[in-house]
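Have a look at the structure below before the remarks.
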Amino acid sequence: MSEKARLSLKAILLAELPALRAFALSLAGADDRADDLVQDTLVKAWANAASFEEGTNMRAWLFTIMRNTFFSQYRKARREVQDVDGEAAARLVAMPDQLAHLDLADFRARLERLPADQREALVLIGASGFSYEEAAEICGCAVGTIKSRVNRARRRLMEQLALSSVEDFAADPGLPESAALPPVAE
């Protein structure tokens, strides 16, 4: 937008302020909300000035922006809950995401400390979902060897993570499902 066009738009917007303010008061009913509505309308009009078609009615365009803004805010406000004393917020409880990220980072670090053959077997069975037979074929070894590697890897991870049983690991809500240990090979 050229400087001349910007100045022209600014002059038009300023000229429409009284009419916009009156319309905003009729919609919002309160001075402060009407002022906010006028401001939102002007900001949107300025930001979308390129979409205004030259030769059309600027006042109608501005009033349409204001009306749409008002009804969008009205719909949004209907879904909001007034909670001035904080009672509703106090009933909402969510565990912080940071702990899950830290647990997962710790798990990954401990997994990286495993010997490569054990880590590979555990990932193939536990994370990738391969059967022991498929994992044995991928690794080029016997099924019993894969079962042994998975068992040793699982035990070593449990020791490193200070878990007393596989159930402790599986019950940890901070770890994703993909980190779950495979069942013990019988």
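The values are calculated or read from the model by the stated rules, or taken from the named source; none is laboratory data. Every value quoted in this text rests on a predicted model; they were computed, and no experiment measured them. Cβ sites come from the backbone with ideal geometry, for glycine too, and all protein chains shown count toward neighbours.
Where residues in the stretch 7-30 are in contact with a helix residue (DSSP H, G or I) (Cβ under 8 Å, 6 or more places away or on another chain) and more than 19 Å from Asn68 (Cα to Cα), which of them is modelled with the lowest pLDDT? Steps first, answer last, please.
First, the residues of the stretch 7-30 that are in contact with a helix residue (DSSP H, G or I) (Cβ under 8 Å, 6 or more places away or on another chain): 9, 12-13, 16-17, 19-21, 23-25, 27-28.
Remaining after also requiring more than 19 Å from Asn68 (Cα to Cα): 9, 12.
Working: Leu9: 80, Ile12: 85.
In this case the residue turns out to be Leu9.
Would you mention how many residues in the stretch 101-144 are in contact (Cβ under 8 Å) with a residue 24 or more places away in the chain and farther than 20 Å from Leu161 by Cα?
Total satisfying the criteria: 1.
When both residues are 6+ apart or on different chains and their Cβ atoms are under 9 Å apart, which pairs have a first residue that lies in the stretch 37-51 and is in contact (Cβ under 8 Å) with a residue 12 or more places away in the chain, and a second that is of a type outside the set (A, V, I, L, M) and not in a helix (DSSP H, G or I)?
Going by the 9 Å Cβ cut-off, the qualifying pairs are Ala45/Phe52.
Can you name the helices (runs of 4 or more DSSP H) wholly within the stretch 40-151 that have at least 2 residues being at pLDDT 85 or above and crowded, with 17+ Cβ neighbours inside 10 Å?
58-79, 97-113, 116-122, 132-139
Applying the selection to the stretch 152-164, what residues are outside any helix (DSSP H, G or I) and farther than 20 Å from Leu104 by Cβ?
Ser164
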